[in-house]
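For reference, the structure is listed below as structure tokens.
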Amino acid sequence: MSKFKFIKRNDTRKDSIDWSKLGFGQYFADYMYVSNYKDGSWEEGEIVPYGTFEIEPSMMTLHYSQTIFEGLKAYNNVGGGANIFRPDMNAKRLNHSAELLVIPEFPEERFIEAVKEVVYYNSEFISKNEGESLYIRPVIFGSSNILGVHPSKEYKLIIFASPVGSYYDEGLNPVKIKVADRYVRAVRGGLGTAKTGANYAASLKGANEAKKEGYSQVLWLDGVSLTFVDEVGSMNIMFVLDGEIVTPSLESGTILPGITRDSVLKIAKHLGIKTCERTVSIEEILSGLATGKLSEAFGTGTAATISPVGILNYKNTDHAINHSEIGPISQKMYDTLMGIQYGKIEDPFGWIIHIDL
Ligand SMILES: Cc1ncc(COP(=O)(O)O)c(C=O)c1O
């Protein structure tokens, strides 16, 4: 089946995995795809055993963070084979991030082919348990060994895979989120819409402080006035206000355009649930909670799937949402999305790329 050169390993990493406690990002599957950018073009690339490579201390990315990544999943299809969810969207977003970070674009079709082969060669790492999947992590970084702030001349793209369970210890149980009122993640004109390490580095201090106080993640507000809701550390945020799903608009230019976000909005429209993308102030959320207008909040993300928010902490006060229980719209979105991903319900959107195994 291989479109790319394939180098076989003679052992497997499978036996070192505790399949009863997968967690997130703990284990890595046998094979990865690697392509290098040299002399102005991307090499065809090859599938090789997952493993280490050498770097020099002067490698640019270590210093200037010219790096971007993606995250997508392959699911065990209940009728056999595997389902990859919307890899075309990840290919597009990778190239959007590439443009912002002055990294050469990677051909979309080759990206999708490479993802398919990574899934195929690592098919024994796709758990058959509901809620578990094979997380696929593409990453590109500037690999030239030169100092000085300018774009790298050479790059490396790697697509590797990790068998995963739930992102949060809570699973589908509602998470506790703290609204950041001191730190900011991104500002208009910056890198907020790119999936790049710098955004996550900027989020660590606030997230760490929130974690120490018992919160899973931070809800970021806009970086200028700390008034409008942006997104959570690794997911977009949705609120149910008067029965309508409301989510911050991408117009702000500071939010990652989530593929789960886009999918949930399309599923909701398909199911006849009203949706609205607009600016949402934190005051509107708090008053919605006080008046009962706000009935649910949930995060959306590839890793986090649909993650109900049970507690929102703002300026040291905890606000419970829906008595810290999952609400009917969050549950419906979870069931529908998972149903499509695991092939339990029909995919009316053409999102699934199926692989026979
Ligand atoms: C900052 C941030 N926002 C949103 C998301 C959700 O994006 P997606 O649904 O494409 O996984 C992620 C996760 O990838 C993220 O890291």
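The values are calculated or read from the model by the stated rules, or taken from the named source; none is laboratory data. The model shown is predicted, which means the values in this text are computed figures rather than measured ones. No Cβ is skipped: glycine too gets one built from the backbone with ideal geometry, and neighbour counts run over all protein chains shown. The accessibility values were calculated without ligands, DNA or RNA, using every heavy atom of the protein model including side chains. Shrake-Rupley method; radii C 1.70, N 1.55, O 1.52, S 1.80 Å.
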Given (1) open to solvent by 10 Å² or more (accessible area, probe 1.4 Å); (2) modelled with pLDDT of 95 or more; (3) over 20 Å from the mean Cα position of the chain (by Cα), number of the condition Asn129 does not satisfy
(2)
Which one is least open to solvent (accessible area, probe 1.4 Å), of the residues in region 1-29 that are without any contact (Cβ under 8 Å) to a residue 40 or more places away in the chain and outside any loop (DSSP other than H, G, I, E, B)?
Ser16
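Filter region 228-257 down to residues that are more than 8 Å from the ligand (Cβ to nearest atom) and either of a type in the set (Ser, Thr, Tyr) or not assigned by TED's automatic domain parsing to the domain that holds Thr302 (or both), then give me how many there are.
Final tally of qualifying residues: 4.
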Residues that are more than 16 Å from the ligand (Cβ to nearest atom): find the strands (runs of 3 or more DSSP E) completely inside region 87-188 holding 2 or more of those.
133-142, 155-164
Filter region 31-63 for residues that are touching a Phe, Trp or Tyr at 6+ places or on another chain (Cβ under 6 Å) and not in a strand (DSSP E or B); which is most open to solvent (accessible area, probe 1.4 Å)?
Tyr50
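Yes or no, residue by residue, for (1) modelled with pLDDT of 95 or more; (2) open to solvent by less than 10 Å² (accessible area, probe 1.4 Å); (3) in contact with a Phe, Trp or Tyr (Cβ under 8 Å, 6 or more places away or on another chain); (4) within 30 Å of Tyr37 (Cβ to Cβ):
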{"residue": "Pro151", "(1), (2), (3), (4)": "yes, no, no, yes"}
{"residue": "Leu157", "(1), (2), (3), (4)": "yes, yes, yes, yes"}
{"residue": "Glu170", "(1), (2), (3), (4)": "no, no, no, no"}
{"residue": "Pro174", "(1), (2), (3), (4)": "no, no, no, no"}
{"residue": "Ala194", "(1), (2), (3), (4)": "yes, yes, no, yes"}
{"residue": "Ala207", "(1), (2), (3), (4)": "yes, no, no, no"}
{"residue": "Gly214", "(1), (2), (3), (4)": "yes, no, no, no"}
{"residue": "Asp222", "(1), (2), (3), (4)": "yes, no, yes, no"}
Could you tell me which of the residues Val246, Val218 is in contact with a Cys (Cβ under 6 Å, 6 or more places away or on another chain), buried (at least 20 other Cβ atoms within 10 Å of the Cβ) and free of Cβ contacts under 8 Å to residues at least 60 places away in the same chain?
Val246
Pairs under 9 Å by beta carbon, first residue free of Cβ contacts under 8 Å to residues at least 40 places away in the same chain in region 287-300, partner among the small types (Gly, Ala, Ser) and open to solvent by 50 Å² or more (accessible area, probe 1.4 Å), six or more apart or different chains?
Leu289/Ala320
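Let's see how each residue does on (1) of a type outside the set (Val, Ile, Thr); (2) more than 21 Å from Glu44 (Cα to Cα); (3) buried (at least 22 other Cβ atoms within 10 Å of the Cβ):
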position: Gly71; (1), (2), (3): yes, yes, no
position: Tyr75; (1), (2), (3): yes, yes, yes
position: Gly80; (1), (2), (3): yes, yes, no
position: Ala91; (1), (2), (3): yes, no, yes
position: Asn95; (1), (2), (3): yes, no, no
position: Ala98; (1), (2), (3): yes, no, no
position: Ile103; (1), (2), (3): no, no, yes
position: Glu108; (1), (2), (3): yes, no, no
position: Phe111; (1), (2), (3): yes, no, yes
Could you look through region 258-287, keep only residues that are within 14 Å of the ligand (Cβ to nearest atom) and surrounded by 17 or more Cβ atoms within 10 Å (Cβ to Cβ), and pick out the one that is farthest from Arg93 (Cα to Cα)?
Ile267
So, of the residues in region 196-215 that are among the hydrophobic types (A, V, I, L, M, F, W, C) and without any contact (Cβ under 8 Å) to a residue 24 or more places away in the chain, which turns out to be nearest to the ligand (Cβ to nearest atom)?
Ala202
What about Ser225, is it without any contact (Cβ under 8 Å) to a residue 40 or more places away in the chain, on the phi < 0 side of the Ramachandran plot, in a loop (DSSP other than H, G, I, E, B) and away from the ligand (no atom under 15 Å from the Cβ)?
yes
